[in-house]
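Visitor: Could you have a look at this structure, given as structure tokens, before my questions?
Derivation of every value follows stated rules applied to the coordinates shown; laboratory data play no part. Only a predicted model underlies this, so the values are computations on that prediction, with no experimental measurement involved. With ideal geometry, Cβ positions are generated from the backbone for all residues, glycine too; neighbour counts draw on all protein chains shown.
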Amino acid sequence: MGSAAAYYLSRAGQRVLLLEQFDLTHERGSSQDHSRIIRYTYNNPAYITLVTAAYKLWFALEEASGEQLYYKTGGLNFGAPDHPSMRDTLHSVQRMKIPHEVLTPQETRARYPQFTIPEAMQVIFEPESGILTAARCVAAHLRLAQQHGAVIRPNSPVTAIQPQADSVTVHTADAVYSAARLILAGGAWTNDLLARLRLPALPLRPMRVQLAYFQPPDITPFSVGRFPTFIAWVPGIPAYGMPSIFDSGVKVAFHGGETRGHVSEIDYTPDEHTIAEIRAFCRGFLPGADTALKQTRICLYTMTPDEDFILDQHPEYPHILYTSPCSGHGFKFSTLIGSILCDLALTGSTPHDISLFRAARFTANA
Ligand SMILES: Cc1cc2nc3c(=O)[nH]c(=O)nc-3n(C[C@H](O)[C@H](O)[C@H](O)COP(=O)(O)OP(=O)(O)OC[C@H]3O[C@@H](n4cnc5c(N)ncnc54)[C@H](O)[C@@H]3O)c2cc1C
């Protein structure tokens, strides 16, 4: 989110400084991975409106960067027809007139023989779903921001923040900066940054998510061009996956798990138990996908209780904005969030409806 905001602000002619506590490609946060799903299939029409705007900005970013960042694969949502996520997603794509097909498991198998979906389930196919090459998207935002004059300082943790009436002072270990505006996009560390502003903690909880990338002997049926993205609303924790891209292997993971109070409590060591559970999912729904484990990694979701994002301004210092668009589904919006942050920082308003994301929904009764 920070790299996208740096891009739009520098492109708008602002002097921009981006501070990152680790190196620029570190894997302790949420955004460094081969791929992330982008899709219209949301259970809430508000997100469909936002993702429509996000698609346009990704296409513009591809043009500006000269790089393909979105790969159209088509996407499946499957589960029991009365599963709330299936039911609400179907309602909202119908209401928003998003092209889609409702398929039987048999029809799905004719199209995608890689899947074995139980007859009692229903499948929603959405053709514009695809993957964003996540790490390359972040790199593109950063590269273009630098080309527009942004200064990027890795390994520079923000240690203190002092707001003033119309400016803000930010400290790192070896420097003090003064700025007219400040955007905090700290991912799973957001509450640490809010604490530096003496703002109350938000109910944000880091979740450790372990991903598996498998390399079947013949990867072609599981690669971009042959394999769709999918979200499986199966009993227990939902699962999702996406095709192999740039030799990554086919990716499968669970959308959920235990949350922690603070990132410092996250164990970044991958475990065998999760791989066994992912393999069990594959045996049921994707036979043949999980033969050899190519790589596994830990990534962080930053969860809100309602799984909607946070994007708001400091109650006393409106020139300070903070955001955490995650709950495991924020990446597809990152370029849009960057442009919204840019508009809010420069004009105080945005044409997009971000009312869902107000922090006050958690703090109002506190
Ligand atoms: C496994 C996994 C799968 C996902 N799949 C999808 C998907 O398919 N589709 C989708 O749309 N979304 C998906 N998401 C969600 C998406 O990746 C996140 O919403 C998004 O990456 C969040 O970006 P962010 O900028 O908020 O956080 P981050 O990328 O973590 O960035 C926050 C940055 O702030 C830095 N920082 C924190 N504190 C300080 C400080 N004091 N000083 C300086 N720097 C600091 C951190 O080091 C970090 O680099 C997934 C997430 C995960 C983990």
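Visitor: For each of 342, 326, count neighbouring Cβ atoms within 10 Å of the residue's Cβ, then give the residues from fewest to most. Please report the intermediate quantities before stating the final value.
Guide: On the way: 342 24, 326 27.
By the 10 Å Cβ count, ascending: 342, 326.
Visitor: Let me ask another. Could you work out how far helix 84-95 tilts from the main Cα principal axis of the chain, as a 0 to 90 degree angle to the nearest 10?
Guide: It is inclined by approximately 80 degrees.
Visitor: Calculate how steeply helix 334-347 sits against the longest principal axis of the alpha-carbon atoms of the chain, using the helix alpha-carbon long axis, and give the answer as 0 to 90 degrees to the nearest 10.
Guide: With rounding to tens, the tilt is 20 degrees.
Visitor: Also: When a/c is below 1.5 the answer is rounded, else prolate if a/b is larger than b/c, else oblate, so apply that to segment 123-258 with a ≥ b ≥ c taken from the square roots of the Cα gyration tensor eigenvalues.
Guide: prolate
Visitor: Hey, another quick one. Each residue of segment 217-229 in turn: what ³J(HN,Hα) in whole Hz from Karplus with 6.51, -1.76, 1.60 and θ = phi - 60°, glycine and Pro shown as x?
Guide: x, 10, 7, 3, x, 10, 9, 3, x, 10, 10, x, 6
Visitor: Taking the Cα atoms only, what angle lies between the long axis of helix 45-65 and the longest principal axis of the chain, rounded to 10 degrees?
Guide: 80
Visitor: Arranged by the count of other C-beta atoms within 10 angstrom, fewest first, what order do 166, 312 take? Intermediate values should be presented prior to the final figure.
Guide: Values: 166 10, 312 21.
Result, fewest neighbours first: 166, 312.
Visitor: Please give the Cα centre distance for segment 63-93 versus segment 292-366, rounded to the nearest Å.
Guide: If we compute the Cα centre of each part, the gap is 20 Å.
Visitor: Still on this structure, I have one more. Counting each pair of different Cα atoms once, what's the Kirkwood radius of segment 305-366 in Å, rounded to one decimal?
Guide: For segment 305-366, the Kirkwood estimate is 12.2 Å.
Visitor: Around residue 104, with a cut-off of 13 angstrom between Cβ atoms, what is the net charge of the other residues, counting Lys and Arg +1 and Asp and Glu -1?
Guide: The answer is -1.
Visitor: A further question on this structure: For a bin width of 10 Å, list the pair-distance distribution of the chain built from all Cα-Cα distances, rounded to whole %.
Guide: With 10 Å bins starting at 0, P(r) equals 5, 24, 34, 24, 11, 2, 0.
Visitor: Quick one: what Rg and Dmax do you get for segment 96-200 from the alpha carbons, in Å?
Guide: That works out to 23.5, 63 Å for Rg and Dmax.
Visitor: Could you state the orientation-averaged shadow area of the convex hull built on the Cα atoms of segment 198-320, in nm² to one decimal?
Guide: Working: hull surface 40.0 nm².
Average projection, Cα convex hull of segment 198-320: 10.0 nm².
Visitor: When all alpha-carbon pairs of segment 1-126 are counted, what percent fall beyond 22 Å?
Guide: Numbers: 4168 of 7875 pairs.
Of the Cα pairs, 53 percent sit more than 22 Å apart.
Visitor: With springs only between Cα atoms under 10 Å, which of 272, 62, 128 fluctuates most in a Gaussian network model of the chain?
Guide: So, out of 272, 62, 128, the one fluctuating most is 272.
Visitor: Of the listed peptides 296-302, 108-114, what is their order by residue-averaged count of other C-beta atoms within 10 Å, with the highest listed first?
Guide: Ranking, from highest mean packing down: 296-302, 108-114.
Visitor: Can you show me the helix-derived [θ] at 222 nm for the chain, built from DSSP H runs with n ≥ 4 at -39,500 (n - 2.57) apiece and divided by the number of residues, rounded to the nearest 500.
Guide: Rounded to the nearest 500, the figure is -8500 deg cm²/dmol.
Visitor: Another question, then. In whole Hz, what ³J(HN,Hα) sequence does segment 22-28 give by Karplus (6.51, -1.76, 1.60; θ = phi - 60°), x for Gly and Pro?
Guide: The phi angles translate into 10, 6, 6, 10, 5, 10, 8 Hz.
Visitor: Give the order of 117, 48 when sorted by the count of other beta carbons within 10 angstrom, beginning with the fewest.
Guide: 48, 117
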